[in-house]
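**Q** The structure is given below, and queries will be raised subsequently.
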Amino acid sequence: MDKLSVLLVFVPADSGVDGPSLLGESDRSGFLQNLKDGILKSVIKRAQFAIPPLSLMILSSVDEPGIEHHICDLRFETFPVDRQWDLVGISVQTGAVKPAFELSALLRARGFKVVLGGPYVTVFPERCRAHGDVLVIGEADEIWKEVLVDLRQGRLQKEYRVEELPDLSHGYSVTKDVLDLRHYFTTNVVQTTRGCPYSCDFCNVHVLNGHRVRHRNIPEVVREVEGFLKNDRRIFFFLDDTVNADEEYAERLFRELIPFNITWVGQATTKLGENGRLLDAFAKSGCGALLVGIESLAEESNRAHHKFHNPVDRQVACIRSIRSAGICVYGSFIYGLDEDTIAQAESIEAFLDDTGIDVPGINLLRPIPGTEVFRRLADEGRLLHDRNDHDSFRFSWGQEMLYRPKKIPLEEFIPSYTALTKKVFSVRNAFRRAANAPTLRSAVLMFNLFYVHMYNLSRKDLSRQMQELAKGR
Ligand code: B12
Ligand code: SF4
């Protein structure tokens, strides 16, 4: 008997971070201009570091007799409409809800059965109910098998709700069998823990994955790394939100990974700089770069957003110590948090000089529905769009303001932010940072050049918004 075909789909957001297909075509002509655009595009393509959706890799690795999985990543492929799919699963991410629902409507009109899952479905099942035949609410690692069995037996239910967060130590293996390896910067994406003990109010992770850090078995992660290396020797991305959340676990794991001679990147707290043993394990196991969330340099701002775990006065020393261990630091700031004043811009510049951060990210707060900050800004009347109309917010990277900062009028904030990004993201600074980076110099250069381009786009959106604000006055 033929197997039932299940297609899992990842939908892009409307932002440049989401893949080369979104770069847009040049509207200018001329040989030199085309050459410049061509070079820029190739830099951007490489610097986007596009990685496959781990969620869909996990689901497609669930083995159920009589079922075959396929993945379609719409960042790189078009939807294969000419085939008969017995079930289409769409991952719905905040930032790409509208296109996800539009796709679902199209497919359902053609008679396909659609199951919706992912972060947005988990937080807002009621808003998703009308848009799919089946909803999966929560982390689907275990419940997906139930869905597949029901599909096989012709008794799919309307809703599958994960009552208890999956125990990751029970063991599952992730394969890349249905991925097209060529699309991606690397396909080596691994998650070792889930959940976050902290409660930053702009973040969804503790809402989606809980406050308790759940670990995978170390031998299993080691086996996964070994297996992944067989068909892709490129860099590894550890997708844990805080790869040093449990320091003892992290040290044991990364010591075991030393013999594999990999290079890896991940996300950590700057606290790492105060744990010499863990830093040593990270460096020896091939850690090349870590993203650290610095957010505001005003302690009272971090407190206002419930971020208590990285005291500003220890940041400089911690970042220096991480870089001295040979690991690049991507420092992520959010300018415009509640207690920030206009002086924040200068503080960020000075901090970048002081620490030598290799790749700065100077973000605008994206209030994601379902977070505490979204609710608070809405209650305080500071959102620039209707709280019930999630589609009107462009959550993707950079771009225009979605709310009014508390202490800085928008009309002052926007010029201050754009002046800052103009200074920080120059081609000259990109080369300087690459030259000073402790390792991965060409990646640091690429990323910084990519940001020269992205922040330029963001400034255009903001200047458009300034004009609209002036007209509305
Ligand atoms: C890697 C990553 C990215 C990568 C890759 C995207 C991806 N999703 O693979 C990139 C850089 C592209 C990215 C971009 C963005 N991201 Co992001 N990202 C992450 C990160 C760090 C890891 C994602 C991951 O692999 N998790 C592990 C997997 C196993 O979990 P999962 O994706 O939730 O999948 C499980 C369930 O949701 C469910 N599921 C998921 N899909 C489906 C589909 C079906 C059919 C079913 C049944 C079940 C199901 O089952 C899975 C297994 O348990 C998460 C943080 C996190 N902890 O998840 C943020 C996170 C997902 N990102 C977030 C955001 C906000 C964004 C951006 C909007 C950022 C921006 N401002 O531009 C964009 C939007 C991109 C888009 N297309 O919409 C938020 C999402 C909040 C929300 N409510 O949706 C998160 C949670 C971070 C946060 N701090 O809040 N991101
Ligand atoms: S921002 Fe980072 S530390 Fe804060 S709650 Fe989210 S994952 Fe945890």
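The values are calculated or read from the model by the stated rules, or taken from the named source; none is laboratory data. Bear in mind that the values here come from a model prediction, so they are computed numbers and not experimental data. Here the Cβ is made from the backbone with ideal geometry for all residues, glycine too, and neighbour counts use every protein chain on show.
**Q** Quick one: count up the residues across the stretch 317-348 that are hydrophobic (A, V, I, L, M, F, W, C), closer than 23 Å to Tyr451 by Cα and under 25 Å from the mean Cα position of the chain (by Cα).
**A** Total satisfying the criteria: 10.
**Q** Continuing with the same structure: Taking interchain pairs and intrachain pairs at least six residues apart, which have beta carbon atoms under 6 angstrom, with the first residue in the stretch 258-281 and outside the structural domain of Gln315 (by TED's automatic domain parsing) and the second surrounded by fewer than 23 Cβ atoms within 10 Å (Cβ to Cβ) and among the polar types (S, T, N, Q)?
**A** Once the first residue is outside the structural domain of Gln315 (by TED's automatic domain parsing) and sits in the stretch 258-281, no partner that is surrounded by fewer than 23 Cβ atoms within 10 Å (Cβ to Cβ) and among the polar types (S, T, N, Q) comes close enough.
**Q** It is to be established whether one or more residues within the stretch 99-106 are surrounded by fewer than 21 Cβ atoms within 10 Å (Cβ to Cβ) and under 25 Å from Thr371 (Cβ atoms).
**A** Yes: one or more hits.
**Q** Among Ser442, Ser458, which is the only one that is surrounded by fewer than 20 Cβ atoms within 10 Å (Cβ to Cβ) and assigned to a helix (DSSP H, G or I)?
**A** On the way: Ser458 fails: surrounded by fewer than 20 Cβ atoms within 10 Å (Cβ to Cβ).
Just a single option satisfies the conditions, and that option is Ser442.
**Q** Here are some conditions: (1) within 16 Å of ligand 2 (Cβ to nearest atom); (2) surrounded by 15 or more Cβ atoms within 10 Å (Cβ to Cβ). Gly288 meets all but one. Which one does it not meet?
**A** (1)
**Q** Ala419 versus (1) in contact (Cβ under 8 Å) with a residue 40 or more places away in the chain; (2) on the phi > 0 side of the Ramachandran plot; (3) surrounded by fewer than 18 Cβ atoms within 10 Å (Cβ to Cβ): which is the lone unmet condition?
**A** (2)
**Q** Exactly one of (1) over 28 Å from Phe333 (Cβ atoms); (2) surrounded by fewer than 21 Cβ atoms within 10 Å (Cβ to Cβ) is unmet by Leu253. Its number?
**A** Status for Leu253: all satisfied but (2).
**Q** Evaluate the following for Asn231: is it surrounded by fewer than 22 Cβ atoms within 10 Å (Cβ to Cβ), in contact (Cβ under 8 Å) with a residue 40 or more places away in the chain and not hydrophobic (A, V, I, L, M, F, W, C)?
**A** yes
Each row is one residue, and each column tells you yes or no for (1) within 16 Å of ligand 2 (Cβ to nearest atom); (2) under 18 Å from His309 (Cβ atoms); (3) in contact with an Asp or Glu (Cβ under 6 Å, 6 or more places away or on another chain); (4) not assigned by TED's automatic domain parsing to the domain that holds Pro369.
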| position | (1), (2), (3), (4) |
| --- | --- |
| Ser169 | no, no, no, yes |
| Ser199 | yes, yes, no, no |
| Val205 | yes, yes, yes, no |
| Leu208 | yes, no, no, no |
| Val213 | yes, yes, yes, no |
| Arg216 | no, no, no, no |
| Phe228 | no, no, no, no |
| Phe238 | yes, no, no, no |
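**Q** With at pLDDT 95 or above and within 16 Å of ligand 1 (Cβ to nearest atom) as the only criterion, which of Ala283, Ala245, Ala268 stands out? Even if it seems obvious, please write down each step before you answer.
**A** Numbers: Ala283 fails: within 16 Å of ligand 1 (Cβ to nearest atom); Ala245 fails: at pLDDT 95 or above.
Residue meeting the stated conditions: Ala268.
**Q** Considering only residues that are within 16 Å of ligand 2 (Cβ to nearest atom) and either of a type in the set (Gly, Ala, Ser) or under 18 Å from Phe374 (Cβ atoms) (or both), which ones fall in the stretch 112-145?
**A** Pro119, Thr122, Val123 - these are the residues of the stretch 112-145 that are within 16 Å of ligand 2 (Cβ to nearest atom) and either of a type in the set (Gly, Ala, Ser) or under 18 Å from Phe374 (Cβ atoms) (or both).
**Q** Identify the single condition in (1) within 30 Å of Cys287 (Cβ to Cβ); (2) of a type in the set (Phe, Trp, Tyr); (3) within 21 Å of the chain's Cα centre (by Cα) that Phe393 does not satisfy, given that it satisfies every other one.
**A** Going through (1) within 30 Å of Cys287 (Cβ to Cβ); (2) of a type in the set (Phe, Trp, Tyr); (3) within 21 Å of the chain's Cα centre (by Cα) one by one, Phe393 breaks only (1).
**Q** Of the residues in the stretch 419-460, how many are touching a Gly at 6+ places or on another chain (Cβ under 7 Å) and more than 28 Å from Arg320 (Cα to Cα)?
**A** Qualifying residue count for the region: 2.
**Q** Among the residues of the stretch 252-264, are any at pLDDT 95 or above and acidic (Asp, Glu)?
**A** Yes: the stretch 252-264 contains one or more residues that are at pLDDT 95 or above and acidic (Asp, Glu).
**Q** From Asp313, Asp391, Asp353, Asp386, grab the single residue that is surrounded by fewer than 17 Cβ atoms within 10 Å (Cβ to Cβ), within 16 Å of ligand 1 (Cβ to nearest atom) and in the same structural domain as Gly266 (by TED's automatic domain parsing).
**A** Answer to the check: Asp391.
**Q** Suppose we keep only residues that are among the acidic types (Asp, Glu) and not in a helix (DSSP H, G or I) within the stretch 240-282. Which one would you say is farthest from ligand 2 (Cβ to nearest atom)?
**A** Asp246
One line per residue, one yes/no per condition, for (1) closer than 23 Å to Ser458 by Cβ; (2) acidic (Asp, Glu); (3) in a loop (DSSP other than H, G, I, E, B):
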position	(1), (2), (3)
Thr341	yes, no, yes
Leu377	yes, no, no
Arg387	no, no, yes
Trp397	yes, no, yes
Ser416	yes, no, no
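**Q** A follow-up question, please. For Ile408, are the conditions met, namely being touching a strand residue (DSSP E or B) at 6+ places or on another chain (Cβ under 6 Å) and of a type in the set (Val, Ile, Thr)?
**A** Judged against the criteria, Ile408 is not a match.
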